[in-house]
Amino acid sequence: MSKQTKLRVRIDRERCQGHARCYALAPELFELDEMGNGRERGDGVVAPGLEDKAYLAQANCPELAVEVIEDEKP
Amino acid sequence: MTGRPPVRDWATDFDHRDPRWIEDPYPIWDELRQSCPIARTERFAGAYFPSRYADVKAIAYDTEHFSSRRIIVRETRPPLIPAPPITSDPPAHRPAKQVLLPAFTPEAIAQHEPRTREICRALVDRFADKPGCDAAVDYAQEIPVRVIAHMLGVPEQEGDLYRKWIHDILEVGITDIAVALRASDEMIAYFAAHIAERRARPREDLIDYLINVRIEGRTLSDEHVNGTLRLLLIAGIDTTWSAIGSCLWHLAGHADDRRRLAAEPGLMSSAVEEFLRAYAPVTMAREVVKETEIGGCTFVPGHMVLLSFPAANRDPSAFADADRVMLDRKENRHAAFGLGIHRCVGSNLARMEIRVALEEWLKRIPEFRLDPQAPVTWSQGTVRGPRRLPVVFGV
């Protein structure tokens, strides 16, 4: 049986300092609070087609606060 | 530089005011990264210079051993002049920063984009029909000063006064502390008058906002408001002016990048990040307050650390082809706005100003190059950027 990888994003709010790169690069996946700090939208599940944007946000966070989690489902 | 002995050895006697450092610091940092990698100097009453990304980051994160109460490396240790939150350490830092953050989110900053665009257009109008201009003096330096004055609610025309204070505090004041203190006193008096005026007649601007905002239920003292206003004026002007100038300097000298950016507006966002990485203008500082060891170097209390985000951004162990400017760089965790709790409050403002400044320039002047007859000059000290940038228009 083939495995399907499902992605989730998550912001580590202890690490986030509000550089707001995730929101600039992937507004479909991230939002900012009233202080300008990032958080994942909803449950963080990455809709099909947005995988590259999730990794792009991760590759541009100076604080390494963006996590991309691969959930393997049988 | 008169009266300053030339640097004998960059690893043990560095001086960021040396003409070679001011002109082109990148080869010096490369050499230090390979040999040292944390340089020291007995100048400036003792200071360190970490050249690697990892060490810069470790120090930026370590607020226990490294204090922000002094953020400029000077010849002496003058009395502390607080400008919260940049000069604040935990636990005072967090509330002092949180009062500012809502005014600097991307959405809040977007409200100032139309005025910024008007300012840029009016400036370009003045010289677009001429054979050339000084892109630093006639354009870059005029933009942030007007934008921050507009946000604070102080006169946009008083740019010369603001720039003089900044020059006195950040450049001349490194060696002549009396000049820095005098400029600081003048700024305190200037903003005290504005604060008093707002108390008498409230207005809708940042000064008014700071007078009325509350931390844990209490309004800020006049001293706190004054310090924060001085910070916003100083931090908001020559930093972004330098960044805009460096972008135009790069584009003037690189026809391929210039044409690509003019042809592909969608590249602007990653190009701005790449310019910020490669030509990060701001070097901060910390004062060692507790002995510690980082990167194999013992940091002794009382000494300063020149915290060079620009050097971190050129570290090849953190960035592939670190010395190459790639407008479409995909992975870019640059530290131009700092790392850790002191991330620049104005980063969203700076990004907007740089983007709009480049867009408006390229729309009217897609072709330009460095004037072969007139030299480019660079600032010295804490903020790096071109101060004279003569360019000629056309191919």
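What follows is calculated from the coordinates using simple rules that are stated; it is not laboratory data. Predicted model only: the values in this text are computed from it and were never measured. Backbone-built Cβ (ideal geometry, glycine too); neighbour counts: all protein chains shown.
Rounded to the nearest 500, what is chain B's calculated 222 nm mean residue ellipticity when only DSSP H runs of at least 4 contribute -39500 (n - 2.57) each, over all residues?
That comes out to -14000 deg cm²/dmol.
Whose amide H sits under 5 Å from the amide H of B:MET284, counting only residues 5 or more places off or on another chain, with H placed in the peptide plane?
So B:MET284 has HN proximity to B:LEU307, B:PHE309.
Determine which aspartates and glutamates satisfy two conditions relative to A:LYS53: a Cα distance under 15 Å, and not lying fewer than 8 residues away in the same chain.
List returned: A:GLU28, A:GLU31, A:GLU40, A:GLU67, A:GLU70, B:ASP328, B:GLU331.
Tell me, in nm to one decimal, what length is gained between B:ASP256 and B:ALA193 on full extension, where the rule is 0.36 nm per residue of separation less the Cα-Cα distance?
Using 0.36 nm per residue and subtracting the Cα-Cα distance, I get 17.7 nm.
Would you look at the GNM of chain B, springs on alpha carbons closer than 10 Å, and say which of B:PRO144, B:PRO114, B:PRO106 moves the most?
Of B:PRO144, B:PRO114, B:PRO106, the most mobile in the Gaussian network model is B:PRO114.
Which of the GluC sites (Glu not before Pro) found in segment B:149-230 are loop residues per DSSP with 13 or fewer other Cβ atoms within 10 Å of their Cβ?
B:GLU204, B:GLU216
Magnitude of the Cβ-charge dipole of segment A:23-74, K/R +1 and D/E -1, about the Cα centre, nearest 20 debye?
120 debye
Residues of segment B:32-60 with the amide nitrogen closer than 14 Å to a label point 7 Å from the Cα of B:ILE177, along Cα-to-Cβ, please.
In segment B:32-60, the label zone of B:ILE177 (backbone N under 14 Å from the point 7 Å along Cα→Cβ) covers B:44-46.
Test of understanding: extend the Cα→C-beta vector of B:GLU64 to 7 Å, then name every residue of segment B:12-38 with backbone N under 20 Å from that spot.
No residues fall inside that zone.
Rounded, prolate or oblate: which fits segment B:196-301, taking a ≥ b ≥ c as square roots of the Cα gyration tensor eigenvalues, rounded meaning a/c under 1.5, else prolate when a/b beats b/c?
It is oblate, given that a/c is not under 1.5 and a/b is not larger than b/c.
Based on other C-beta atoms within 10 Å, arrange B:ILE211, B:ILE71 from fewest to most.
So the ranking, lowest neighbour count to highest, is B:ILE211, B:ILE71.
Could you let me know the centre-to-centre spacing of segment B:312-390 and segment B:124-202, using Cα atoms, in angstrom?
Cα centres, segment B:312-390 to segment B:124-202: 21 Å.
Tell me, how many Å apart are the Cα centres for segment B:1-75 and for segment B:217-235?
If you average the Cα positions of each part, the centres end up 30 Å apart.
Give the shape of segment B:19-393 as rounded, prolate or oblate, defined through the alpha-carbon gyration tensor: a ≥ b ≥ c are the square roots of its eigenvalues, a/c under 1.5 means rounded, and otherwise the shape is prolate if a/b is larger than b/c and oblate if not.
Cα axes put segment B:19-393 in the oblate bin.
Around B:ILE188, under 12 Å between beta carbons, what's the net of Lys plus Arg minus Asp minus Glu among the other residues?
Charge balance in the 12 Å sphere: -2.
To the nearest 0.05, what FRET efficiency results for B:ARG77 and B:SER269 with a Förster distance of 41 Å applied to their C-beta separation?
Efficiency, from the Cβ-Cβ distance: 0.50.
Give, rounded to the nearest 20 debye, the magnitude of the charge dipole that segment B:121-162 has about its Cα centre when Lys and Arg contribute +1 at Cβ and Asp and Glu contribute -1 at Cβ.
In total the dipole reaches around 140 debye.
Quick one: which residues, 5+ away or cross-chain, put their amide H under 5 Å from the amide H of B:GLY132? H built at 1.01 Å from N.
It is B:PHE393, by chain and number.
With a/c under 1.5 counting as rounded, go ahead and sort the protein assembly as shown into rounded, prolate or oblate using the C-alpha gyration tensor (a ≥ b ≥ c being the square roots of the eigenvalues; past the cut-off, prolate if a/b is larger than b/c, else oblate).
The shape class here is rounded.
Going by how many other Cβ atoms sit within 10 Å of their own, how do B:ILE244, B:ILE28, B:ILE215 line up, fewest first?
In order of increasing Cβ crowding within 10 Å: B:ILE215, B:ILE28, B:ILE244.
For each pair in B:LYS130/B:LYS164; B:LYS130/B:LYS363; B:LYS97/B:LYS330; B:LYS57/B:LYS290, compute the distance between the two Cα atoms and list the pairs where it is over 21 Å.
B:LYS130/B:LYS164; B:LYS97/B:LYS330
Local charge sum around B:PRO281 (other residues, Cβ-Cβ under 11 Å, Lys/Arg +1, Asp/Glu -1)?
With Lys, Arg at +1 and Asp, Glu at -1, the net is 0.
Between B:SER35 and A:GLU70, how many nm apart are label points set 7 Å from Cα along the C-beta direction?
In this crude label model, B:SER35 to A:GLU70 measures out at 4.4 nm.
Can you give the average number of partner chain beta-carbon atoms within 10 Å of each beta-carbon in peptide A:14-20, as a whole number?
6
Gaussian network model of chain A, Cα springs within a sub-10 Å range: biggest mean-square fluctuation belongs to which of A:GLU40, A:GLU28, A:GLU14?
For chain A, modelled as a Gaussian network with Cα springs under 10 Å, the answer is A:GLU14.
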